[in-house]
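Here the structure comes first, spelled out in structure tokens, and everything after it is commentary.
The values are calculated or read from the model by the stated rules, or taken from the named source; none is laboratory data. From a predicted model like this one, the values you see are computed outputs, not experimental measurements. No Cβ is skipped: glycine too gets one built from the backbone with ideal geometry, and neighbour counts run over all protein chains shown. Heavy atoms of the whole protein, side chains included, go into the accessibility calculation; ligands, DNA and RNA do not. Shrake-Rupley method; radii C 1.70, N 1.55, O 1.52, S 1.80 Å.
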Amino acid sequence: MPVQIRAHRHRIMLLVGIVAIVFLFKGGYMQAKAHFAQFLIEQAWSDTLNDGKQHKPWSWADTYPVAKLQFVSGQGQLQGQALYVLAGASGRNLAFGPATLMGANQLNGWGNTVIAGHRDTHFAHLKGVQPGQLLRVQDSSSATIDYRVVSIQIVAEADTRLLDGQDDLQLTLVTCYPFDSLSAQSRWRFVVIAEPVAAKPQIQLASVAA
Amino acid sequence: MDIDYHRSTNPCPLRGAFLSQGAARLNFVALLLWLNHHKWQRWLALTMYTTLTLSTILPRSVLAQSDDETLLGSSQLIYSLSSPLSEPTSEPLTESAEALLSETSHPNAFAFSALPIETQVDMQISGWVNRVQVKQFFHNDTAQWLNGMYLFPLPHDAAIDSMTLHIGERRLQGEIFPKAEAKQQFEQAKTSGKQASLLEQQRPNMFTTQVANLAPGETLVVEIAYQQLVNYQAGEFSLRFPLAITPRYDNDPAVTSSPANGNYAQAKLLAAKKVGSASSVGKVNLNIHLDAGLPLASIDAPYHRLKQASLEQGITALQLTQTLAADKDFVLRWRPELTQAPTAVAFAQSGKTHRRTTAEDTVLADKQGGENDYAIVMVMPPQAEHAEKMARELLLVIDTSGSMHGDSMAQAKSALQYALAGLTPADTFNVIAFESTVQTLSTFALPATAANLGLANQFIQNLVADGGTEMAPALLRAFAHTSPDELQPSRDTRLKQVVFITDGAIANEQQLFELIADHIGDSRLFTVGIGAAPNGFFMQRAAQTGRGTYTYVGKLDEVSTQVGQLLAKIEHPLVSNIDLRLSDGTIPDYWPVNIGDLYLGEPVMVAVKLKSNQHQYQSDELIVSGNFGGSQWQRRVGLQRDDKAKGLDLIWARKQIEALMLSKNSSNVERVKRQVTQIALDHHLVSPYTSLVAVDNRVVRPAEQMSLDGIASTLLPQASMGQWPQTASESRLFLAIGSMLLLLLGAYWVSYAGVMQRGLLMCLQRIRGKRCQYR
């Protein structure tokens, strides 16, 4: 056996080399796609801000940007790159950028907006997020609202109660957990819940019962 | 409040990013082995290198199967910011509280502890109505004063109308208030040292109870009562109570020990351990009194074991003895003897369950002409064997946009084929596929002949998922769809069913919704959402407008079975266009307003509000009418007032609230909120905007002692409308495998090409040579 292997060792080495490069390329392509797609999405986003319409980042896209998400430090400085959020958290969209789950809510308006992102690309830095972290979200009408992280939870995949709607404005960021796992499947979700910093004046209900 | 912000550097670098001492030693041994010429030693060395490389590149989480899951649920909260509203308490910490909160950076930080909650459930099923009492025992076995909070699920149609706080022998009845007001009352009681309880709705099927100032060693009992209709389908009654237990995430070092929040989180962890988190999964006792009113053929609970005993007058007592499946809700099914299958039931009650007593209200009630009656009406349509099956036109609309690519598409295809197989020759059908453009099988609906079905199967097989998602043209196409003999009115009795399958997000939902409302006509719209992306709320509303149903399929491997079930159900439409009126022609106030079609084995089930005098003097009968097999079908149901009937107004109000909540959109949020609040306050119901609160007037907690917050949450709600998206990719796995292989290759090349060997040997020889010279 060893002799035969030795006889073919150049071929085996070549094969292993090709396989290694294919894997590297595949992984690198995913990372690069996630990174560079954001530039195209950024363009579509600036078009959207200009004319208020939905723009696809590329002609065959199945989605369009709905928001710009930024991390803000306590001193009001922006941290890291802005993330452009796509509509619809399907697997394909998530490869290009964080994406919102469409539901009974309006971004920066009312209800719970859930934004999902991949733990190995766009939402990798959720790992460093602490309660108190500020998030800045710009919607398509150029309105900007700052959110403050109020809690961080790790929930089982089946436990979707944090997904459900509510009336008060809330921002929920979600990614897979644990962060340093390599697989594409995960049983846990890392959920960051943020509430608007300047709470909107709520219309008080006249107490009918009293 | 000031937030000291820490940008945390990554506290846990990738494991194995550096070599430990042991690994370095192993490396050296491997190198020595390599230098020897024996073949087996080389192989051994190669294996060692492989292991080393693997352990260097792969984080431990891949190699070791983590056992971080326990079936015992407790607090899911990892850490949270202490609310800016809670002022720093001036009260000094007690000794043990200080121990718990040692080194806590925030003096007013919450300490979370797991509270053991025991639950006692008593169900009184009488006929069609189920009255349930849930007693929650908050027991404090610590030396601290505790405030307890318990998050728990209830059935999504539960109309909760009462909460009683038991303090020893005393009972405090909860009052209904708008949510903010109730919360304020509770918080006031909490800070002033009074005992109180608060029941809030978080989601339609998730609630929290809170108790304030639970003394050490004390037990407070919160008793909740709700009303519910039992389900009836195909001759079988059933009910469901959520008992499924959620897996819990054990506190992970990566989260809890990062420097920024370490103290804070650890304090809570400590607290949780001290209070005893292991016992936090509550015990549930369940007792049922089943008074079906009919002789029963069978009683069955698929996931739980019950003890059964017959009481007098056909009442059966049941007691939960053993849970067979921890991840399943409690389900009870009972079936009356076959000959007794009910065909129409109506019973009424006069007045509300919770009456107001103020003089103003009495005056108001008099002006309105007395109190109202509430009734529940159930009508079973004639069953299929007596009648022709209704001919139908089935339109299958399928999303073939890029996002459906892969597994979703394969599943959807098999579901479509299943649908085609269920057609009979009397039916017609068509298939519409859409992405950026719309593609149809045929311009007109085709009769379901073997040849046409063959064509359709081929069409479906050839569908490819690609492109964008443009729903409007596809929907228009489906609704506008006409058969070639459109001009012949005799064929118009066909029921048009549109099954709309998509996994895409719906963007311009308001426009689409208007489009559906304008064009739906007499068609029925069944929406099917696949995966994490669909806009469930919209799809549900669309289906309701289209008098159909919404099916949500979270797991991809369930697409064909779930869609299959839907299609099997809608295969037998019996009665359509159902209307309800009184015998004098007036239409009562009934919910749900849009009664969907009736399929095989399904009854009409509505809650009706009637003016008392009207129902007594003018019309004692309700007329349910509809279109049955092409002809008019009608059934009269006499209303009897029943002394046993209770809480029907609650069910009526609950159904109305449900309908209102579903109609909520950006433009009417505030109006819906006002309406729901009003209805809920009138009927003493817990709703998204109203809560029940009970406050004792005695101050029990000494002002110098602080109370800690405890939290418990064990149960999982019934499958909610949604799923977390899959938020990970293999990119890093691929990168790791690729670089590992390259490294191996490098190592191999270095050895066999002899670079290292030659170099080392030369070096050794030189040293020897020198040594020789010295000698």
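For the reader, a short list of remarks on this structure follows.
- Positive end of the dipole of region A:3-196 (Cβ unit charges, origin at the Cα centre): among A:193, A:36, A:75, the Cα lying farthest that way belongs to A:36.
- Euclidean distance between Cα centres, region A:70-89 to region B:146-220, Å: 39
- Principal axes of region A:60-151: Cα extent on each, largest first, Å: 40, 30, 22
- Length added when fully stretched, residue A:18-residue A:79, from 0.36 nm per residue minus Cα-Cα: 18.1 nm
- Modelled FRET efficiency - R0 25 Å, residue A:125 with residue A:54, Cβ distances, 0.05 increments: 0.35
- Summarising the amide proton neighbourhood of residue B:611: residues at separation of 5 or more, or on other chains, whose placed amide H is nearer than 5 Å comprise B:373.
- Averaged over the residues of peptide A:130-142, the number of Cβ atoms from other protein chains lying within 10 Å of each residue's Cβ is 3.
- Peptide A:13-26 is shielded by partner chain Cβ atoms: per residue, an average of 5 of them sit within 10 Å of its Cβ.
- Area hidden from solvent between A and B (accessible, protein heavy atoms only, 1.4 Å, total, Å²): 8200
- With 32 Å as the limit, the listed pairs B:611/B:664; A:26/B:328; B:179/B:283; B:183/B:352; A:56/B:655; B:283/B:664 have A:26/B:328; A:56/B:655; B:283/B:664 beyond it between alpha carbons.
- Mean projection area, nm², convex hull over Cα of region A:1-157: 13.9
- The Cα atoms of region B:390-571 cover 43, 34, 29 Å along the three principal axes, with the biggest extent listed first.
- Its Cα gyration tensor gives region A:23-107 an equivalent ellipsoid; the semi-axes, largest first and in whole Å, are 21, 19, 13.
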